[in-house]
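Here the structure comes first, spelled out in structure tokens, and everything after it is commentary.
The values are calculated or read from the model by the stated rules, or taken from the named source; none is laboratory data. Computed from a prediction, not measured in an experiment: that's the story for all the values here. Positions of Cβ are generated from backbone atoms using ideal geometry, with glycine treated the same way; all protein chains shown enter the neighbour counts. Ligands, DNA and RNA are excluded from the accessible area calculation, which covers all protein heavy atoms including side chains. Shrake-Rupley method; radii C 1.70, N 1.55, O 1.52, S 1.80 Å.
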Amino acid sequence: MRTPTDLHADIGEVLLEEGQIQARIRELGAQISTDYAGRRLTLVSVLKGSLPFMADLMRAISLPLRIDLMEVSSYGGATTESSGLVRILKDLSSSIEGEEVLICEDIIDTGLTLNYLIRYLGGKKPASLRICTLLDKPARRLVEIPVDYTGFTIPDQFVVGYGLDYDELYRNLRFVGVLRPEVYTTPE
Ligand code: PRP
């Protein structure tokens, strides 16, 4: 397995700077705080990619809230394509029956992951179920997803950073960047 020595050197272009991301998250947090005022909000993070987004978004919301974590996987390791198969690696810790649930995702690509999660979580009878995604890549959508809050709509490029990985790396970058194609096309 290839292990990069310099994460930044593998980035061709910075798509979203750290400051842009944080400013947009403050806006999303303010909007969500208004929309859910007086309601019992539960944020459900879809790990692992949404970890930084969830951590920043929850602190941008001024309301009392609960969090829960799910881990699902749709991509098979060192690949840039969705397999269409969604596996639950970690389920919710608490019941969401009667709760106002907001799913936090890092990116919606084909929509297959959320399509599955909407049905799965919807079956647990929450009072409401809405979606907040940092990134939306509509060019690759295979199933329609009702997105309630979107941070940024991005072009069809393979992006990493701020939670998003390639082969489990690059998640700790503070910005979102386009991975140089040679990183995922060069044979090991
Ligand atoms: C990524 C991302 C979304 C999903 C989006 O997760 O975090 O959950 O893919 O793709 P889709 O719209 O085509 O389904 P991934 O399965 O790579 O797991 P990760 O969050 O652990 O990186």
For CYS104, work out the one condition from (1) in contact with a strand residue (DSSP E or B) (Cβ under 6 Å, 6 or more places away or on another chain); (2) open to solvent by 60 Å² or more (accessible area, probe 1.4 Å) it doesn't fulfil. (2)
What are the residue pairs meeting all of these: first residue in segment 84-97, first residue closer than 15 Å to LEU114 by Cα, second residue open to solvent by less than 60 Å² (accessible area, probe 1.4 Å) and not in a strand (DSSP E or B), Cβ atoms under 6 Å, and 6 or more apart or on different chains? GLY84/LEU112; VAL86/THR113
In segment 115-128, is there at least one residue being within 12 Å of the ligand (Cβ to nearest atom) and within 13 Å of LEU15 (Cβ to Cβ)? no
One residue is enough: does segment 111-123 have a residue meeting the conditions surrounded by fewer than 18 Cβ atoms within 10 Å (Cβ to Cβ), without any contact (Cβ under 8 Å) to a residue 40 or more places away in the chain and within 21 Å of LEU16 (Cα to Cα)? no
When you go through (1) surrounded by fewer than 14 Cβ atoms within 10 Å (Cβ to Cβ); (2) over 19 Å from PHE152 (Cβ atoms); (3) at pLDDT 95 or above one by one for MET70, which number turns out not to apply? (1)
Are there any pairs with C-beta distances below 6 angstrom linking a residue in segment 164-180 that is over 14 Å from ILE107 (Cβ atoms) to a residue that is part of a loop (DSSP other than H, G, I, E, B), with the two at least 6 apart or on different chains, and if so which? ASP167/ALA78; PHE175/GLU17
